[in-house]
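Accompanying notes for the structure given below.
The values are calculated or read from the model by the stated rules, or taken from the named source; none is laboratory data. No experiment lies behind these values; they were computed from the predicted model shown. Reconstructed Cβ throughout: ideal geometry from the backbone, glycine too, with neighbour counts over all protein chains shown. SASA here: full protein model, heavy atoms, side chains in, ligands and nucleic acids out. Shrake-Rupley method; radii C 1.70, N 1.55, O 1.52, S 1.80 Å.
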Amino acid sequence: MLDFKAIIWDYNGTLLDDLSIGVLSINKMLNKRGLPLLTTEHYREVFTFPVKSYYEVVGFNFETEDWDKAANEFIDHYTSLLPQSGIFPEAVNLLSHFNKEGKKQFILSAMEQNMLNESTRSENIIKYFDEISGIDNIYASSKIDNGLQLMKKHELKASEVCLFGDTTHDYEVARELGCNCILIASGHQSYQKLKETGCPTVVNHLKEITKN
């Protein structure tokens with residue numbers, strides 16, 4: 001762990017403890033449509049990228065309703081609830097620890113860029129990062145292209161980089177970037193789901209990272 005020169009952090013569910021507001025937001029939408037609500041456990045089993053696929057799994061029919069409107073509806077709920085979430089306390093400790101060690105740190109997120117900038121600023125962690133990379137839309141699409149650009153721009157060697165994330169997509173991104181990966185099962189997907197990726201290191205909590 002200590003050999004890595006750079007850390008690429010996912011944001012939602014990895015640094016930001018937003019699982020509960022994610023579940024609340026989708027349940028508001030399901031309730032409005034008369035669809036079964038999700039428990040946190042069920043949500044962590046069905047959540048995936050691209051998020052449109054998980055919407056369909058839980059009952060949305062995009063032949064009869066507009067995906068863009070649904071995506072905007074979720075963002076409206078999520079944004080209103082966002083002040084209820086905060087950075088994992090262990091995450092702040094790790095950010096400070098890695099900063100003191102001189103490691104470069106980045107955020108690679110599927111959150112819209114302006115929202116990401118505002119969230120990291122309000123959480124007072126923006127100071128730890130060399131770059132904060134979000135996306136230019138609200139659809140939580142793939143992060144691979146942005147990750148490749150990040151690696152190239154900062155001349156990062158894949159063997160010296162570790163990506164921290166909480167979803168199977170984060171492992172997909174790490175594989176595309178050619179870098180190391182640690183998945184943390186305290187966010188949007190279950191430990192079992194993360195283990196099924198074949199990722200060599202899956203932990204239950206951020207505090208376990210420094211033990212690897």
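Number of residues in the stretch 127-146 that are out of contact with any Phe, Trp or Tyr (no Cβ under 9 Å at 6 or more places or on another chain) and either closer than 13 Å to ILE8 by Cα or at pLDDT below 95 (or both) equals 6.
For PHE4, are the conditions met, namely being within 21 Å of HIS154 (Cα to Cα), touching a helix residue (DSSP H, G or I) at 6+ places or on another chain (Cβ under 7 Å), assigned to a loop (DSSP other than H, G, I, E, B) and in contact (Cβ under 8 Å) with a residue 40 or more places away in the chain?
On the way: within 21 Å of HIS154 (Cα to Cα): yes; touching a helix residue (DSSP H, G or I) at 6+ places or on another chain (Cβ under 7 Å): yes; assigned to a loop (DSSP other than H, G, I, E, B): yes; in contact (Cβ under 8 Å) with a residue 40 or more places away in the chain: yes.
Yes, satisfied.
Does LYS28 qualify as being open to solvent by 70 Å² or more (accessible area, probe 1.4 Å), of a type outside the set (S, T, N, Q) and closer than 27 Å to GLU123 by Cα? Spelling it out, LYS28 is indeed open to solvent by 70 Å² or more (accessible area, probe 1.4 Å), of a type outside the set (S, T, N, Q) and closer than 27 Å to GLU123 by Cα.
Within the stretch 77-93, the set of residues being open to solvent by 60 Å² or more (accessible area, probe 1.4 Å) and within 15 Å of LEU30 (Cβ to Cβ) is empty. Answer yes if at least one residue in the stretch 8-31 is in a helix (DSSP H, G or I), modelled with pLDDT of 95 or more and of a type in the set (Phe, Trp, Tyr), and no otherwise. No: zero hits.
Could you tell me which of the residues SER109, SER96 is touching a helix residue (DSSP H, G or I) at 6+ places or on another chain (Cβ under 8 Å) and buried (at least 19 other Cβ atoms within 10 Å of the Cβ)?
Within the list SER109, SER96, the selection yields SER109.
For the stretch 20-52, the tally of residues that are more than 15 Å from ALA110 (Cα to Cα) and either touching a residue at least 40 places away in the same chain (Cβ under 8 Å) or in contact with a strand residue (DSSP E or B) (Cβ under 9 Å, 6 or more places away or on another chain) (or both) stands at 11.
Applying the set (1) crowded, with 18+ Cβ neighbours inside 10 Å; (2) under 28 Å from GLU208 (Cβ atoms) to GLU41 leaves exactly one unmet item: (1). Residue pairs whose Cβ atoms lie under 7 Å apart, separated by 6 or more positions or on different chains, with the first residue in the stretch 53-77 and more than 23 Å from HIS169 (Cα to Cα) and the second at pLDDT 95 or above and open to solvent by 70 Å² or more (accessible area, probe 1.4 Å), are HIS77/LYS28.
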